[in-house]
Each structure stands twice: as structure tokens, then as C-alpha cells.
Amino acid sequence: MTNSVTNTALPDTAEPTNQKPEPPKKGWTFGRVVGNFLVTLWIIAGLGILYFLVVRNNVTINFNVAEGFPWVDLSADPKFLQRYGMKLLEGFWVTLQVVGVSVLLGALLSVPIAAMRMSNVKAFSVIAYAYVYFFRGTPMLAQVFLIYYGAGSFMHELRDMGLWSFFRDAWNCAIFAFTLNTAAYQAEIMRGSIQNMPKGQWEAASALGLPRWLTFWKIILPQALIVSLRPYGNEIILMIKGSAIVSIITILDLMGETRRAFSRTYDFQAYVWAAIMYLVMVETLRRIWNQLEARLTRHLQR
């Protein structure tokens, strides 16, 4: 009796492929539905604003075919922009000046305030804490009124000290109030960034024999500034939007020119153009800040 052995061919093993698995299909979750709904509302609102501006400025589009080529004739009658367009641009420039000067002066003032907040001397830390607490806890409008109208209540005393020529000017009062306000916020941003640095860096620098001031200036501060970039950008954006209150104290910034144009024409597009200009300022700053952050943190990207 012979045993027959049948040789069966084993299936060839499939060679490994480098194809990536398909990503799982995303279903229509509640969050996606709400998100798409809100985006749709924003698109509809944008188209509605565009239609409003087209109608208010009598924009017409005519399609003509001449000599076999289609031509588009665009005509408009922008009476509002012809009369107040340059005024709005001048207010736009004034807003940039108010915010730019205030932020720069506030940055200089925030350094000693942050140092006082971190000081081991109780009197310095208490004074800095009271300053930050007041300017972060009260509305900016109230601060502007306290300085602008409050200075008038002490006119004789300020005149005796030789300061009345400064406080009598609305521009100076606005810059002074905005500088004190943003300095409080910038000081807290700087203090938080510095104190969040790992203590091991201080210890390593001390082990290398570096003095504390050099450690702070060359090691701690550059890293803290990188960490605080995003909060600083948010603070500038808040200053841009908050600068509209200076129009209440007779400064013709963007909002001041807008209010004056609307009071003379009762044309609502004045506020539409103002909103567009504020959006341009904020979006431009946001893009510049993103590029700056990407540039300074390129060594952290993988």
C-alpha cells in the first residue's frame, strides 16, 4: 500500500504596498451641521451687505457685444464716497496713529510695571498690583472720561504745575489713557510669560556662572517674548476696536468721521464702510502677526 502525498501550492504572499489607508469618512455630526449653517449665514450676510452697497451707489453692469467681443460696462454714482471717502481714509489714518503710539508707549511702560509686579519688595509689588487691578478692572471709556473731563476739574492746579497745556488737548488725553490701559495688560502678559519659563534654565545659567541680568536678557526674555506673541497680538486687536471711543472726546478718528458723515446724510453705508475698514486693519495685523510668529518659531517646527 503506497501513500500518495499531494503537493498543494501555497498561495503567494501579497507584497506589502506603500499605499496609505483611506481616511475614515466623516459623517454629518451635529457640530459639522451647525458649523456649515453658521458659515452659510455669514456668506448670506456678506452677499447682503455687498448688494446693499451696490444699490446705494447705483452700480449697474451692462453686457454688450461689439465687433464680436463681449464687453462689460460698469457704471456707478457713489455720491457718498465722493463726498466722505477721503474723510474716512483720514480717520482711518488717525486710528492707526492712536493705536500705534499707545501700544509702543505702553510697551515701554509695561517693562518697569512687570518688574515691580515680580519684585520681592512688598511696596513695589503692591503698587504695581493696584495699578494693574484698576486699569484691567474698569472700562476704557471710564478711564478716558476720568482723564479728559477730570483734568478740566483740576485746571487751576494743572496750570500751576505747567501741565494744563498737555491735558487740555483731547489727543494727548486719549494717548495718555490708552497708554496706561494697554501698559497694564502688556505688563501682565510679560509677567506671565516670564514666570512660566522653566526654573531649570535659571539654574543651568547659574551653574555656568552667568549673572542673573545676563540670564534674563539673553535666555529668559527672548523665550518669554515668543510665548507672549499671540497675547500681544490679541491686545493690539482689542486696542484697534476699543479706539473707537476716542470719537466721544472730539477726536475725528475713523468712528468720529463715520458719525459725522452719518449725522449729515443719514446714510447707513457710512457704518458699513467703517466696519469694512476695521476688518481690514484687524485682518492685516492678524496676517502680519502670523508671519512674525512663524518666523520667530521656525526652530520649533518639525
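Side notes on the structure shown:
- From the options Arg298, Arg287, Arg259, residue that is within 27 Å of Tyr148 (Cβ to Cβ) and surrounded by fewer than 20 Cβ atoms within 10 Å (Cβ to Cβ): Arg259
- Counting only residues that are closer than 22 Å to Ile236 by Cα, out of contact with any helix residue (DSSP H, G or I) (no Cβ under 7 Å at 6 or more places or on another chain), modelled with pLDDT of 90 or more and not in a loop (DSSP other than H, G, I, E, B), segment 102-144 holds 7 of them.
- Matching residues, segment 186-212, being in a helix (DSSP H, G or I), touching a residue at least 12 places away in the same chain (Cβ under 8 Å) and open to solvent by 70 Å² or more (accessible area, probe 1.4 Å): Gln195
- The number of residues in segment 116-151 that are open to solvent by less than 60 Å² (accessible area, probe 1.4 Å) and either in contact (Cβ under 8 Å) with a residue 12 or more places away in the chain or among the aromatic types (Phe, Trp, Tyr) (or both) comes to 12.
- Complete set of residues in segment 231-251 that are in a loop (DSSP other than H, G, I, E, B) and in contact with a Lys or Arg (Cβ under 7 Å, 6 or more places away or on another chain): none
- Residues of segment 198-216 include none that is touching a helix residue (DSSP H, G or I) at 6+ places or on another chain (Cβ under 8 Å) and within 30 Å of Phe92 (Cα to Cα).
- Near pairs, Cβ below 6 angstrom, 6+ apart or cross-chain, from segment 243-268 (touching a residue at least 40 places away in the same chain (Cβ under 8 Å)) to any residue that is assigned to a loop (DSSP other than H, G, I, E, B) and charged (D, E, K, R): Val246/Asp253
- Tally, over segment 272-287, of residues that are over 9 Å from the mean Cα position of the chain (by Cα) and touching a residue at least 24 places away in the same chain (Cβ under 8 Å): 5
- Test: residue in segment 213-233 that is in contact (Cβ under 8 Å) with a residue 60 or more places away in the chain and crowded, with 20+ Cβ neighbours inside 10 Å: no
- Test: residue in segment 155-174 that is assigned by TED's automatic domain parsing to the domain that holds Leu96, of a type in the set (Gly, Ala, Ser), open to solvent by 70 Å² or more (accessible area, probe 1.4 Å) and over 28 Å from Gly91 (Cβ atoms): no
The values are calculated or read from the model by the stated rules, or taken from the named source; none is laboratory data. A quick note: this is a predicted structure, and the numbers were derived from the prediction, not measured. Ideal geometry is used to build each Cβ from the backbone, glycine not excepted, and the neighbour counts take in all protein chains shown. Areas reflect the complete protein model, heavy atoms only, side chains present, ligands, DNA and RNA absent. Shrake-Rupley method; radii C 1.70, N 1.55, O 1.52, S 1.80 Å.
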